[in-house]
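A short reminder: the numbers here are calculations on the coordinates, not readings from a lab. All values derive from a computational prediction rather than experimental measurement. Note: ideal-geometry Cβ built from the backbone for every residue, glycine included; neighbour counts use all protein chains shown.
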Amino acid sequence: MRLPEDYDEPSNLGTPVMGAIIAVIVFLALIFIVVMVVNRQGDGGDAKTSIETEQTQAQIGTSSGYPDTEQLISNSTLTPDDLDFWDKYPESTEDTEQSEETTKDDTDEEDIYSDGYHTLVTYRDGTQEWIAINSDIAVNTYEPTNMIRSGNIMKYFVNDKEVSYVGVNLSENQTEVDYEALKDAGVDYCMIRVGVRGYSTGQLVEDKQFKTHMDGAIAAGLDVGVYFVSQAISTQEAQIEAAKVIEMLKDYSLDYPVAYDMGYVINDTGRTDDLTKSQRTKIAEAFLRDIRTAGYKTLLCADKTWLLTELNLLRLSGHEVWLDEPGDIPDYPYKYTMWKYSDSVSIDGISGYAEMSISFIDYSEK
């Protein structure tokens, strides 16, 4: 065993160790020099490459760096087919979508015309719109070919049996009426106007011929119903109208319903023009509810466009419809129980024009 002091003894290893250290230092210095030289060459190469690139662009193109077209064409061996590369890039969808949309609209309109799920309405300004038919509302099941018009009287047949009833509308516009002659002419019932609300003043006005028509029709054995022409702009006004009708009917027994006649004023503006669909629906609900509560049958009277665009028919589905649509067989999509098919015909018993209706229900038996 050697003691610690033995480490102080002189040794012959000092010279080799010092040589090794010097060799390592020299080696590291050489590596450092090599790295520096390589880096300087790399920078010079990049600069050279950049200069060569600029010179090449200057030779074949413009100052902007884009190739000169004539040089490309003259030096190129490509064919036209080789240049057909446009399909490799995504096309702009703006024009394509617009074209597809136009085609789709044209196709849709053609499909809508016959798909059975849409119906066409015509607004007061003459514009038209296809609107969807609500499958939650009872649909019209009448067969158009079973509607037979004989002279000025429209009838409906099922299996060659007449199942409809002929009606006329009476108001102060018909001042001379022979009720017996009406009955002999084939009329079954009369819808008699109770009154109107002024479309500008809002004043309630009783029909001047109401009592005369009611008494004359009943005496002749004709069934009777009544209608009120509204311009109410609130549920309160609608309830006032209903109360007025009920008061005027206190001395009569009706066979046919009480109809609430709604719609735009022809060739003029009315006080209801600016109401919303919701407001109009609530107004109709208020009137018809009070009439039904008083024990009368109810009808909602309006034309196709008003019914489909100005009212929420689903909320009013508990009330039957008297369609005011003079002209050809109507294309109203939902069920209706009465139809006013003409407002300017002649019939025995009425001096002047007559408004004619057909009922698909015998309300006197309902």
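Bridges between two residues of the stretch 143-359, per DSSP, are antiparallel at a rate of about 45%. Counted over the stretch 156-285, the DSSP beta bridges are approximately 25% antiparallel.
Considering only the other residues whose Cβ falls under 12 Å of the Cβ of Leu254, what net charge follows from Lys and Arg at +1 and Asp and Glu at -1? So the environment of Leu254 carries a net charge of 0.
Is the shape of the stretch 320-366 rounded, prolate or oblate, going by the alpha carbon gyration tensor and its root eigenvalues a ≥ b ≥ c, with a/c under 1.5 for rounded and a/b larger than b/c for prolate? Judged from the Cα gyration tensor, the stretch 320-366 comes out oblate (a/c at least 1.5, b/c at or above a/b). Look at the Cα gyration tensor of the stretch 222-339: its axes a ≥ b ≥ c give a/c of at least 1.5 with a/b at or below b/c, and that counts as oblate. Take each peptide in 190-197, 246-253, 202-209, count the other Cβ atoms within 10 Å of every residue, and average; sorted highest first, the result is 190-197, 202-209, 246-253. Residue by residue, the stretch 120-130 carries 3J(HN,Hα) couplings of 9, 10, 10, 7, 4, 7, x, 6, 10, 8, 8 Hz when phi is fed to the Karplus relation 6.51 cos²θ - 1.76 cosθ + 1.60 (θ = phi - 60°); x denotes Gly or Pro. Between Val177 and any residue 5 or more places off or on another chain, the built amide H atoms are never under 5 Å apart. Near the amide H of His118, within less than 5 Å, lie the amide hydrogens of Ile133, all on another chain or at least 5 residues away, with H placed in the peptide plane. Among the listed pairs Lys183/Lys277; Lys155/Lys250; Lys161/Lys244; Lys183/Lys297, give every one whose C-alpha distance is greater than 30 Å. Where the Cα-Cα span goes over 30 Å, the pairs concerned are Lys183/Lys277; Lys155/Lys250; Lys161/Lys244.
Rounded to the nearest whole Hz, the Karplus-based 3J(HN,Hα) values (6.51 cos²θ - 1.76 cosθ + 1.60, θ = phi - 60°) of the stretch 176-189 follow the sequence 10, 10, 9, 5, 5, 5, 4, 5, 5, 6, x, 6, 9, 8, with x at glycine and proline. A straight line joining the Cα centroids of the stretch 257-285 and the stretch 132-149 runs 24 Å. Here's how it looks for Tyr334: its modeled amide H is under 5 Å from those of Asn140, which are all 5 or more places away or on a different chain.
Taking packing as the residue-averaged number of other Cβ atoms within 10 angstrom, the listed peptides 211-221, 342-352 run from highest to lowest as 211-221, 342-352.
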